Amino acid sequence: MHHPHQAQVFDPPAAPVLELQQLSRVHGSGATEVHALRGIDLAVHPGELVAVMGPSGSGKSTLLTLAGGLDTPTGGRVLVEGTDITTASRKQLAALRRRSIGYVFQDYNLIPALTAAENVALPLELDGTSARKARVQALAALEEMNLPQLADRFPDEMSGGQQQRVAIARALVGNRRLVLADEPTGALDSETGESVLGLLRARCDAGAAGILVTHEPRFAAWADRVVFLRDGRVVDETLRTEPDSLLSGRAGGR
Amino acid sequence: MSIRHGLLALLERGPRYGSQLRTEFESRTGSTWPLNVGQVYTTLARLERDGLVSPDGTDEAGHTLYAITEDGRTELRAWYERPVERTNPPRDELAIKLAMAIGAPGVDIRAVIQAQRAATIRAMQDYTRLKAQALTAIESGQARERDDVAWLLVLEQLIFQTEAEARWLDHSESRLVRLSVLAERGAPTAPPQAAPTAAPTTAPARPAAAPRAARSRRG
C-alpha cells in the first residue's frame, strides 16, 4: 500500500520549513560555561517528522526552544520558511510564532480559565482573527482531533489524554507549517500516547514539518528520521528505508 | 514447537494441503518467519507419525489433503493452555557482543552501542510504518481482516522486542558511563602513568592495579 509520506523521499526535496545552521548555545561564561549545543546542522522538509533522541542533558530541549524562537542562540542561524529568526525583529518573531509554529509541551500548557475551544482559538485571536472566525476554526481543529464534544469543557474537566489532544489542536490550528513537540506523550498511557503520535504523523503527512523530542523509542519510531544527540552534538541519525528491505513478501504486495 | 502447532491450528479449521498451509501460515504472520514447502511436508509427516493428523483424500486438483485427528485437537488445546517454555533463554548475539566488548582492546563500546541503537531504531521505524499500514487495512474493513489483525499483533510484538533492545542499550550506556566515573573517582592517587594506555613495563602501573582488584572483590 502506498503510504502518503513515502513520496517525499524520492521527489526532489522542497525547500525546508526549518533549517538549523551551525546552531550553538552556551550558557554562562568562563569556568562555568556550559555548551548545550555545539554547531548543529539540521533541515526539516515539508511532510517530514524528525525525532530527536539522546540522554538527558544532551541538548534535545535546547534544540527545540531555539528552533521555535523561544530562546536565542549564541551562534549559528535558525531559518523558518527562509526567515532567519535569530535576526528577525521582535514583532516579526511574534507573528511567526503565532502563525507558522505550533508548540506541544509535555505539560499541555492549557489556560485553566478558558474552555477547550477558547484555548484553541487563542493564537488566532492574538493574531487578529475575529472571535467568531477563530471559534469556527477552533471547532474544526477539535473535530480533526475527534474531540468536538470537549469544546466547552475546561481543562480540569478533561483527562490528561484529552488535554494533550486539545493542546495539539491548538498547536495545529490555522494550518501551521512547523510543529515542535517536546515529550508530548510524557504523562500519557501508551495507547493515548500512540494516538497523539498518530495525530502528529497525520499532520506531517498532510505537509507540515515536525520535530519530536522524545526518550521513548516506540514513539520516535513514528518519525521519518531519528537524530541522536550527545553532549550537544549530532552523533548519528537514521535514514529512511523501504519496509520491504526488512520484511519480505507481504509488505511489498499490499 | 511453533510450526507443528501452527499447522495444527490451521488444520483445525478444516482439511488443507501442504502449500495451502504454507500460504495461510505466512499471511497470518506477515511472512515474518518464512516457511518452505519442504518444511511443511516434513512437519506433516511427523504429525502423521505421531497420530495428530491423517491423510484425508485429495481435492479436485489432486492435492493430498490432511485433517486434524482427535489426538491432534487435544494436543492443540493443550498448546493454547500451556505457557511458552522459557527454560533456556534464546542465544542473543547482541548480548554476547556487548559482553565481549567490555575491556576488549581497541573497541569503543559506546560506538558499538550507538551503531546498534541506530539500527534498532531504524528497524522500529520500519515496523511502525508497517503497523500503520496494517491499522489502515483493518479500518478499511476488507475481507482479510482476521489475517490483518494477526499480522498487527505479530508486528507489535516485534516493536516491543526492539523497544526492549533500545532501552537495554540506553541503560547499558548510562550504566557504563556511571561505572567509569566511579572508577576514575576511586583512584585519585594513581599517577597519570597508571592509565590503561600506559606502557605495561612502567613500574607505577602495578600499585594502581592492586586497589582496583581489591575494590572489585569487595563489590
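Values in this text are rule-based calculations from the coordinates and carry no lab data. Please read these numbers as outputs of a predicted model, since none were measured by experiment. Here the Cβ positions follow ideal geometry from the backbone for every residue, glycine too, while neighbour counts run over all protein chains shown.
Can you give the mean number of other chain Cβ atoms that lie within 10 Å of the Cβ atoms in peptide B:158-171? Could you put the intermediate results ahead of the total?
Numbers: counts 2, 3, 1, 0, 3, 6, 1, 1, 6, 4, 0, 1, 5, 0.
Mean inter-chain Cβ contacts per residue within 10 Å come to 2.
R0 = 51 Å: FRET efficiency of residue A:235 with residue B:73, Cβ-based, nearest 0.05? Don't skip to the end; give the middle numbers.
On the way: r = 55 Å, r/R0 = 1.09.
Plugging the Cβ-Cβ distance into 1/(1 + (r/R0)^6) gives 0.40.
Can you return the aspartates and glutamates within cross-link range of residue A:91? Criterion is Cα-Cα under 18 Å, with same-chain partners fewer than 8 residues away left out.
Counting by Cα, and skipping residues close in sequence, residue A:91 has these aspartates and glutamates nearby: A:71, A:81, A:125, A:127.
With a Förster radius of 41 Å, plug the Cβ-Cβ distance of residue A:91 and residue B:19 into 1/(1 + (r/R0)^6) and report the FRET value to the nearest 0.05. If you can, show how the numbers build up before the last one.
Values: r = 71 Å, r/R0 = 1.72.
Efficiency computed from Cβ-Cβ geometry: 0.05.
Hey, got the average number of other protein chain Cβ atoms within 10 angstrom for residues in A:218-230? Walk me through the intermediate numbers first.
Details: counts 11, 3, 6, 15, 6, 4, 2, 2, 6, 0, 4, 0, 3.
The shielding value for this peptide is 5.
Label-point separation (nm) for residue B:164 and residue A:56, each offset 7 Å from Cα along Cα-to-Cβ?
For the pair residue B:164/residue A:56, the computed spacing is 2.6 nm.
Given contacts defined as C-alpha pairs under 8 Å and at least six residues apart, what's the relative contact order of segment A:82-194, whole-number percent? Don't skip to the answer; put the middle values down first.
Details: 152 pairs, mean separation 43.1, N = 113.
Contact order relative to length: 38 percent.
Find how much the distance from residue A:114 to residue A:154 grows on full extension, using 0.36 nm per residue of separation minus their present alpha carbon separation; answer in nm with one decimal. Walk me through the intermediate numbers first.
Working: separation 40, 0.36 × 40 = 14.40 nm, distance 0.62 nm.
Between residue A:114 and residue A:154, full extension yields an extra 13.8 nm.
Would you list A:27, A:35 from fewest to most Cβ contacts within 10 Å? Please report the intermediate quantities before stating the final value.
On the way: A:27 11, A:35 16.
Neighbour counts put them in this order, fewest first: A:27, A:35.
What does the average come to when, for each residue of peptide B:130-136, you count the partner chain Cβ atoms lying within 10 Å of its Cβ?
Values: counts 9, 3, 8, 7, 4, 1, 3.
Per residue, the number of nearby Cβ atoms from other chains is 5 on average.
What relative contact order, as a whole-number percentage, does chain A give when Cα pairs under 8 Å and 6 or more residues apart are counted?
Details: 484 pairs, mean separation 68.5, N = 254.
Relative contact order of chain A: 27 percent.
Taking Cα pairs under 8 Å and at least six residues apart, what relative contact order does segment B:93-188 come out at, in percent? Kindly include the intermediate steps, with their values, before the conclusion.
On the way: 40 pairs, mean separation 28.5, N = 96.
Computed over segment B:93-188, the figure is 30 percent.
Determine the distance separating the Cα centre of segment A:21-45 from the Cα centre of segment B:122-164; give it in Å without decimals.
Going from one Cα centre to the other spans 39 Å.
Could you state the number of Å between the C-alpha centres of segment A:215-241 and segment A:114-181?
Measuring centre to centre over Cα atoms gives 29 Å.
I need the shape label for segment B:29-68. Rule: rounded when a/c is under 1.5, else prolate if a/b > b/c, else oblate, with a, b, c from the alpha carbon gyration tensor.
Working: a/c = 2.32, a/b = 1.33, b/c = 1.75.
Taking the square roots of the gyration eigenvalues as a ≥ b ≥ c, segment B:29-68 is oblate.
Of the peptides A:136-147, B:29-40, how do they stack up when ordered by the mean number of other Cβ atoms within 10 Å, highest first? Can you show the working numbers first?
On the way: A:136-147: 18.7, B:29-40: 16.2.
Result, highest mean first: A:136-147, B:29-40.
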